[in-house]
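Written out below as structure tokens is the structure these notes cover.
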Amino acid sequence: MNPSQLSLRQILTAPNQLTLLRMIFLPFIVINVVKHDFKWALALFVLAGMSDGLDGLLARTLHQQTLLGQYLDPIADKLLMSTMFLVLSIEREIPWKYTIVVFSRDVSILIISGVLFMIAGLRDFRPSIFGKANTCAQIGAVFFVLLLQVESLRWVYIIAKGFLQATFLFTIISAVHYALLVQNRLQQHGQAPALKS
């Protein structure tokens, strides 16, 4: 089987199709946020979130975990969350300090991962517990910020603010943890015995 056929088979798996669907949802969510049609934006965001949970479940249940999916799923997640933070900050629904912190961490990780892959061949940086907590905080923040535009209630405001503060905290903690992880991986890589010629 040639590489193009293998790639096509990976793309056509149910989990990867759901991941692609999540990426397709994104421009429609953005359009509705810009139009201030927050009910539709919230509904589509919830559907995107459900597809995120479902694709992982299907991958394990159907034994359709692929290399493409391992890269595509986190890319789709980062694209969704980073775009939502950016658009909601432009619309003045999320203070810029949270978006700047989120973007700074994601861009730094992307650059560092690329450099480490090129110079040392390191590519296995699975999300830590702090990274997962950060993702959950971001999802909660976006959800409740959107909900606040639909239902302007005091308790929704308090929860939205709490999730934004949690995002700020976990973004910094996960960034520091990632830096320590990178340092540890580089030390292990440097101590690995060289192959004899």
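Each value in this text was obtained by applying a stated rule to the coordinates, not by laboratory testing. All of these numbers come straight from a predicted model, not from anything done at the bench. A quick note on method: Cβ atoms are made from the backbone with ideal geometry, for glycine too, and the neighbour counts reach across all protein chains shown.
Between residue 177 and residue 50, the C-beta separation translates, for a Förster distance of 22 Å, into a calculated FRET efficiency of about 0.20.
By the count of other C-beta atoms within 10 Å, a proxy for reagent exposure, 106, 73, 37 are ordered fewest to most as 37, 106, 73.
Put in order of Cβ neighbour count within 10 Å, fewest first, the listed residues 98, 157 become 157, 98. Annotation: the residues 108, 89, sorted from fewest to most other C-beta atoms within 10 Å of their own C-beta, follow the order 108, 89.
Subtracting the Cα-Cα distance of residue 104 and residue 20 from their residue separation scaled by 0.36 nm leaves 27.7 nm. Taken one residue at a time, the phi angles of the stretch 44-50 give Karplus couplings (6.51, -1.76, 1.60, θ = phi - 60°) of 5, 5, 5, 4, 5, x, 5 Hz. Gly and Pro are set to x.
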